[in-house]
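Note sheet for the following structure.
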Amino acid sequence: MSAAKPIDGRPRYLQVCDALVAMIREGSVAIGDMLPTELELCEQFDISRHTAREALRRVEAMGLVERRRGSGTRVKAKFAPVVYNQFVDSLEGLLQYGKATRLVIQHSEIKPVPERLVDELGTAAGTRIPHLTGIRFQRDQDPPLALCFVELWVPAATPDQVESLLDLRRSERALYDLLDFMHLSRVSQTLSADAMDADMAKILGAETGSPALVVIRRYYDLTERLILLTISTHPKDRFCYTTELTAYKRR
């Protein structure tokens, strides 16, 4: 196996993780074979032992390999199981989710804001704003994997944006334009646990009453105005969310 030479600006362990995943998916390392050891990865990619260990840990978290102390890292699957593992360490990383997955809008309308979302949206109950619902799918599964049910509220849409959002032929494009990275200042999010109700379980092919992860995201423009609120409900076994916190270096 030849060493990959990643040139993007992400941390080295993520670059090496991607290279290992590519080896597995392309068949350079077959199911049942061993991945290079930490020391071999250090030499192959010119990285530290810590970086090699973290890259292997992330491949393991994806469900592609199994690691045993003293036995090495053995490939057990060519593609990740149903869980989607999202690693986030920046706003750019969060927005990458939209590239690895696809949101298919199934319904859009102008709808009154419910009492439960008054504080979230900063509007009075009953205020009518664009409301969309859809399913987000993972792109690299065949057939595509339904990751979550998504509810979207757009409190500050212009008349032209409203027109596009209400047209299912244009709604997805309108959402991507709305979330142009250059127009965003920040995204805040809240994660909580819930249970799948019967309707949502049927839509996602999950079991009624089974655990679910609910992610509420709030997108703000450069003037700190809330432009989009999304509520995503994931079956517990289809989504893994990872963040990384880095300590400030002392001078």
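The values are calculated or read from the model by the stated rules, or taken from the named source; none is laboratory data. In this text the structure is predicted, and so the values were computed from the model without any measurement. Cβ: placed from backbone, ideal geometry, glycine included. Neighbour counts: every protein chain shown.
With respect to the conditions (1) farther than 14 Å from Val150 by Cβ; (2) of a type in the set (Gly, Ala, Ser); (3) in contact with a His (Cβ under 9 Å, 6 or more places away or on another chain), Ala212 lacks only one, and its number is (1).
Ala125 passes every criterion in (1) within 30 Å of Arg25 (Cα to Cα); (2) in contact with a Leu (Cβ under 9 Å, 6 or more places away or on another chain); (3) in a loop (DSSP other than H, G, I, E, B) apart from (1). Restricting the range 150-165 to residues that are under 15 Å from Leu229 (Cβ atoms) and hydrophobic (A, V, I, L, M, F, W, C), the residue that is surrounded by the fewest Cβ atoms within 10 Å (Cβ to Cβ) is Ala156. Taking residues in the range 90-117 that are of a type in the set (Gly, Ala, Ser) and at pLDDT below 95, and partners anywhere that are surrounded by 12 or more Cβ atoms within 10 Å (Cβ to Cβ) and assigned to a loop (DSSP other than H, G, I, E, B), the pairs with Cβ atoms closer than 8 Å and at least 6 places apart or on different chains are Gly98/Leu179; Ala100/Asp140.
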